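Engineer: What follows is a single structure, and I will ask about it in a moment.
The values are calculated or read from the model by the stated rules, or taken from the named source; none is laboratory data. Just so it is clear, the structure is predicted and the values come from calculations on it, not from any experiment. All Cβ positions, glycine included, derive from the backbone under ideal geometry; neighbour counts span all protein chains shown.
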Amino acid sequence: MPASPDTSGAARRGLSVYLRALWGISPRLATLPTQGDAARTLLGIAGSRPVLRLPADGDDGMQRARAAHAAAHLAHGGAQQARAKLKPVQRALFEALEDARVEWLAMQTLPGLRRLWAPFHVADARWGNGFDALLVRLAHCLFDSTHEDPHDWLTKVRGLFFAPDGSLALDTPARLREAASLLGNDIGQMRLPFNPSGWQVEPAYRDDNHHIWLPDERLPPSLTPLELELPDTQGAAGSDDADTTFERPPPQGMPDPDAGDGADSVLRIEAALRTLHYPEWDRLIGRLRPHWCTVIETVAPAASASALRVDVERRLARTVRLLRGAAVSDRRPTRGRSEHGDLLHTGALIDAGIALRSRRDPGRRLHRDSAARVEPVEVLLLVDTSASTAFELEPGRRVLDALRDTAWLAAAALEDAGHRSAIQGFASDTRHLVRVQRVKDFGERALDGAVLASAGGLASGGSTRMGAAIRHAAGQMRSARRVIALLTDGEPHDVDIHDPRYLTDDLAHALAEVRRSGIATLCLHFAQNDAPGPLKRLFPAGHYRSLRNPDRLAHALMACIAASA
C-alpha cells in the first residue's frame, strides 16, 4: 500500500505558502481521514478562520487543485444561501453553477489555474445521460468554453451561464438560484432520477459545497464538524499563521468597496462627475475581461489662470499663426473651372478673351469651382499626467507643462481653423482607478478663463493605463471626422501589472477597436532618450512622432493631425 502524502509537514507548509501568495488567505489546514468519501466536506467558514481539510488521498497536483478551488470560493463566493424552496436536484445544480462561476472569476485573475484544473475535466457524452453524468459533463462545458458536447440541455445551460460577449450572465446569487430552479424543472421533465445520498462529487478536486448553505437545524449534525474552529492536531502550518484571522477578501475582478473613489490612492479625486467601466484585453487568455477597468471622470482642479494666460498670450499670436498653416483644412481642394462658382477663374477669363478675338466659342466654364466646406474635424487631445511627467526640463518647467502647452496650442490652432477640440488629462492607480480630468470640452474656447485655470491645475502622479483612457475618449466623440491624439512621455504601465506586454497589448486592442469605429488615432511621444519604445509599432505610418525638443512638439502634433484627418 503506497504511503499517504505528507499533509502535516512540508506539503502543508507548501500549500499554506501557495494560498497566501496567490490569494492572500491562510485557512487552517488539516487532514480529512476518510478516504473515498463521496461527500468530501472540505471547507468550513463559520469560525473566525476558515478550515480546509484535505483528504489523505491525492498527489501534489490533486491537493493543490483542491486548495485552489476552495480558495476560489473564499475569494469569489457570495453569501450563504437558504436551502428552503430548493429541491435536491435544484441544490445540486446551484452548486454546480456556483463552482463554475467562482472558477471562471478566479481564472480571469489567475489564468494559470486553467492548467491546474483542466486535467480533471474529462467527462463527455460517453459518460451517459443520467443526471449524475450530466452534472459532470456540465462542469466540463462551463469550465472549457471550447469543449463541444452534443446534449441540447447542456447547450441551453451554457447559453444561460455566459453572455454573448463571453462574460458571465449568471453573476449574482439571485440569478444562479433562478437558473437552478428552471433547469431543475427541465430535469424533472426528462424524468431523470437523483439520489443525493449516493452522489459522488465530480470532478475529483471539488467538495460537496456544504459551506454554500446556511446551517439547517433540521439536518443531522456532521460527523466532521468543519464549522467549528478545530484545534490543529496535525501540527502547525507555520508559526506565522498562528494568530491569523479570516476576513473574506473582496471578489477579485471587482473594485474593493472599502476603497472608495480613490480615497487611499496617489491620485486625487476632487469630485467625480461620473464613473464608468470598460473592458480590458488579457493576452494570456486571449479575450476581453468585461467591466474590468474603472474610469472616474472629473474636472481638473482650477489653478490661477493669470500666470498661464500671460505665458500663452505671449506665444499665442506667433505660434497659432505658424500652426494654422499646418492645420487640416476645412475645405475640399478646388477642381478648377466651372460654370458656377463664387469667384471668376483668371485663366478661364484670359482663354475666353482669346477665343472671342478668334471668333470661337469661349465656353461657359468661367468660374472657379466653389470649395465646399466639409464637416469640421473633432480632435480629443489626451494628455498623460502620470508621475514621470513631473521631470523638470529646466527650472520651473516640467514635462507635463510641455505636453499641456502643446495640447492647448493645438486646440487654439484647430479652433482658429474652424474645428472642434477637447483636452483631457489621464493617469491611473491600478485598474480600479483610471482618472480622466476634463480640461477643455468641445465647444469651449481655448482662451476661456475656466479652460486656462483647469490646464494650470493639472498635476503629475500615478501610472499610464492607456487602453482604458483611449476607450473612454472614443465614447465621447460623435462627428464623422474624429481624431484621438495621445500625448505622452512614456509607455503603458500600472502598479498592478507585472507582465511588460499586458498593457501594451491592451492598448493595441483598444486602438484597433476605435479605428474600426472610424476614429483616427495618433501619438506624440516626448522621448528624453533615443531608446525605441513599444508605441511606434502601434500607430500607422505618419501617425506617430517621437521628439526630444519640447519646442517642436506643437508643430509635430499639427502635422500628425493633418495626416490622420
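Engineer: Only residues in region 489-513 that are at pLDDT 90 or above count as the first member; pair them with residues that are part of a loop (DSSP other than H, G, I, E, B) and among the charged types (D, E, K, R), Cβ under 6 angstrom, at least 6 apart or cross-chain, and list the lot.
Structural biologist: Every condition considered, the pairs that remain are Asp494/Arg465; Asp505/Arg283.
Engineer: Looking at region 421-466, which of its residues are closer than 13 Å to Glu270 by Cβ, surrounded by fewer than 23 Cβ atoms within 10 Å (Cβ to Cβ) and among the charged types (D, E, K, R)?
Structural biologist: Hit for region 421-466 is Arg438, nothing else.
Engineer: Go through the residues of region 199-215 one by one and say whether even a single one is at pLDDT 85 or above and farther than 18 Å from Ala106 by Cα.
Structural biologist: Yes, region 199-215 has at least one match.
Engineer: Mind telling me which of the residues Ala450, Ala411, Ala427 ends up being closer than 24 Å to His277 by Cα and either touching a His at 6+ places or on another chain (Cβ under 7 Å) or aliphatic (A, V, I, L, M) (or both)? Steps first, please.
Structural biologist: Numbers: Ala450 fails: closer than 24 Å to His277 by Cα; Ala411 fails: closer than 24 Å to His277 by Cα.
Checking each option against the conditions leaves just Ala427.
Engineer: Report, by residue number, each residue of region 394-411 that is surrounded by fewer than 23 Cβ atoms within 10 Å (Cβ to Cβ) and either outside the structural domain of Thr298 (by TED's automatic domain parsing) or more than 18 Å from His525 (Cβ to Cβ) (or both).
Structural biologist: Glu394, Pro395, Gly396, Arg397
Engineer: Moving on to the next point. Just need a number here: residues in region 272-293 that are among the hydroxyl-bearing types (Ser, Thr, Tyr) and closer than 12 Å to Gly467 by Cα.
Structural biologist: So the answer is 1.
Engineer: Go through Ala541, Ala473, Ala485 for me and flag whichever is in a helix (DSSP H, G or I) and in the same structural domain as Ala387 (by TED's automatic domain parsing).
Structural biologist: Criteria check complete, one pass: Ala473.
Engineer: Scan region 149-192 for residues that are within 21 Å of Trp127 (Cβ to Cβ) and not in a helix (DSSP H, G or I) and jot them down.
Structural biologist: Asp149, Pro150, His151, Met190, Arg191, Leu192
Engineer: Here is a follow-up. Please go through (1) in contact with a Phe, Trp or Tyr (Cβ under 6 Å, 6 or more places away or on another chain); (2) under 22 Å from Leu409 (Cα atoms) for Arg471 and return the number of the only condition it doesn't satisfy.
Structural biologist: Here Arg471 clears every test but (2).
Engineer: Would a scan of region 386-399 turn up a residue that is touching a Ser or Thr at 6+ places or on another chain (Cβ under 9 Å), among the aromatic types (Phe, Trp, Tyr) and part of a loop (DSSP other than H, G, I, E, B)?
Structural biologist: Yes, region 386-399 contains a residue that is touching a Ser or Thr at 6+ places or on another chain (Cβ under 9 Å), among the aromatic types (Phe, Trp, Tyr) and part of a loop (DSSP other than H, G, I, E, B).
Engineer: Follow-up question, since we're still on this one. Answer yes or no: is there a residue in region 476-485 that is within 14 Å of Phe426 (Cβ to Cβ) and buried (at least 22 other Cβ atoms within 10 Å of the Cβ). Don't jump to the end; show me each part of the working.
Structural biologist: Restricting attention to region 476-485, the residues satisfying the condition of being within 14 Å of Phe426 (Cβ to Cβ) are 476, 484-485.
Subset that is buried (at least 22 other Cβ atoms within 10 Å of the Cβ): 484-485.
Yes, region 476-485 contains at least one residue that is within 14 Å of Phe426 (Cβ to Cβ) and buried (at least 22 other Cβ atoms within 10 Å of the Cβ).
Engineer: Is it the case that region 486-499 has a residue that's crowded, with 21+ Cβ neighbours inside 10 Å and within 24 Å of Leu110 (Cα to Cα)?
Structural biologist: Checking region 486-499: at least one residue is crowded, with 21+ Cβ neighbours inside 10 Å and within 24 Å of Leu110 (Cα to Cα).
Engineer: Hey, among Leu507, Leu511, which residue is over 18 Å from Leu267 (Cβ atoms) and touching a Phe, Trp or Tyr at 6+ places or on another chain (Cβ under 8 Å)? Before the answer, list the steps.
Structural biologist: Working: Leu507 fails: touching a Phe, Trp or Tyr at 6+ places or on another chain (Cβ under 8 Å).
Selected residue: Leu511, the only one of Leu507, Leu511 that is over 18 Å from Leu267 (Cβ atoms) and touching a Phe, Trp or Tyr at 6+ places or on another chain (Cβ under 8 Å).
Engineer: Another question, if that's okay. Being buried (at least 20 other Cβ atoms within 10 Å of the Cβ) and over 28 Å from Glu444 (Cα atoms): is that true of Asp506 here? Break it down stepwise before answering.
Structural biologist: On the way: buried (at least 20 other Cβ atoms within 10 Å of the Cβ): yes; over 28 Å from Glu444 (Cα atoms): yes.
Yes: the conditions hold for Asp506.
Engineer: A further question on this structure: Being outside any helix (DSSP H, G or I), among the β-branched types (Val, Ile, Thr) and more than 28 Å from Gly24 (Cβ to Cβ): is that true of Val122 here? First the steps, then the outcome.
Structural biologist: Numbers: outside any helix (DSSP H, G or I): yes; among the β-branched types (Val, Ile, Thr): yes; more than 28 Å from Gly24 (Cβ to Cβ): yes.
Yes.
Engineer: What's the number of the condition Trp408 fails, among (1) under 20 Å from Ala480 (Cα atoms); (2) part of a helix (DSSP H, G or I)?
Structural biologist: (1)
Engineer: Here is a follow-up. List the residue pairs whose Cβ atoms are under 6 Å apart, where the first residue sits in region 413-427 and is of a type outside the set (Lys, Arg), the second is surrounded by fewer than 22 Cβ atoms within 10 Å (Cβ to Cβ) and in a strand (DSSP E or B), and the two are 6 or more positions apart or on different chains.
Structural biologist: Close Cβ pairs satisfying both conditions: Gln424/Arg438.
Engineer: Within region 59-83, track down each residue that is part of a loop (DSSP other than H, G, I, E, B), of a type in the set (A, V, I, L, M, F, W, C) and under 20 Å from Leu105 (Cα atoms). Let's see the steps before the verdict.
Structural biologist: Step one: list which residues in region 59-83 are part of a loop (DSSP other than H, G, I, E, B), which gives 59, 77-80, 82-83.
Now drop any that are not of a type in the set (A, V, I, L, M, F, W, C), which leaves 79, 82.
The answer is Ala79, and nothing else.
Engineer: Only one residue in Gly24, Gly78 is of a type in the set (Gly, Ala, Ser), modelled with pLDDT of 75 or more and loosely packed, with under 15 Cβ neighbours inside 10 Å. Which one?
Structural biologist: On the way: Gly78 fails: loosely packed, with under 15 Cβ neighbours inside 10 Å.
The match here is Gly24.
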